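One structure below.
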Amino acid sequence: MEGAVFWRIVEGARAEVGADTERVAQVLLRSLRALTPDEIEQFEELWFQAQDELYRWAIRDAATLLLGRLDDDDFLSVQDWILSHGRPTIQRVQDDPDSLVELAPDRRNARIDWFCGLPLEAHIAATGAPFAIDGPSGSDTPVGTPADLTDETRTRQRFPRLTAYLDSNPWIERPWERATS
């Protein structure tokens, strides 16, 4: 499967149902079930590659500002959530992690594991058996260096849009307040 086909499937699911991330996952599963077993495996490999593109400290820091504390499993779900919004969104977030604020209207879906296992489920439906491959082989730690989000001044400089979002949503925890309590 070529990358263009992969993105057509992902972005087609989002285009079909719009902002409803749960329905995006359902449409994506339906699309995967229409593929051959080999195509499903190739789709999963491309999904893992796209996840790896998002496995960066700057993106995790931005997600922490938008969503609160994240553990590794949360961050994996966040990567899938960003990925489900399509290639242009991934590129924007990679180029400027502060642009993650643009996904704030859908933030309630960011930690929900809508996408993990969809290719496996489709593969089992097609063949009656799981994949013969083991899963992602990316790095154990995000690329880059984590920011000190407890430093409010530097965090505001680095993530002006996200911190403005926090200012307008006082119910969201601020990392710099956590450090002083």
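A few notes on this one:
- For region 75-181, the fraction of 1.4 Å probe accessible surface lying on carbon and sulfur atoms is 52 percent.
- Evaluated on region 1-82, the Kirkwood hydrodynamic radius is 13.8 Å, with distances taken between all distinct Cα atoms.
- Amide H to amide H distances under 5 Å link Val143 with Arg56, Trp57, where only residues 5 or more positions off or on other chains count and H is placed in the peptide plane.
- Ranked by the mean number of other Cβ atoms within 10 Å per residue, highest first, peptides 51-58, 63-70 order as 63-70, 51-58.
- When the chain is reduced to its Cα atoms, the Kirkwood hydrodynamic radius in Å: 17.1
- Region 45-94 shape via C-alpha gyration tensor axes, a/c threshold 1.5: prolate
- Each label point was placed 7 Å from the Cα along the Cα-to-Cβ direction; for Arg33 and Ala19 their separation is 2.8 nm.
- Environment charge at Leu162 (Cβ cut-off 12 Å; Lys +1, Arg +1, Asp -1, Glu -1): 0
- Whole-Å distance, taken between Cα centres, linking region 145-166 and region 4-79: 26
- For region 1-57, the solvent-accessible area of protein heavy atoms averages 50 Å² per residue (probe radius 1.4 Å; ligands and nucleic acids excluded).
- Across region 103-119, coupling constants 3J(HN,Hα) worked out from phi with the 6.51/-1.76/1.60 Karplus curve, θ = phi - 60°, read 8, 3, x, 9, 4, 5, 8, 5, 8, 7, 7, 6, 10, 4, x, 4, x Hz, and Gly and Pro carry x.
The values are calculated or read from the model by the stated rules, or taken from the named source; none is laboratory data. Nothing here was measured: the structure is a model prediction, and the numbers come from that model. Because the Cβ atoms are built from the backbone with ideal geometry, glycine has one as well, and the counts that use them run over all protein chains shown. Surface accessibility is based on the protein's heavy atoms, side chains included, excluding ligands, DNA and RNA. Shrake-Rupley method; radii C 1.70, N 1.55, O 1.52, S 1.80 Å.
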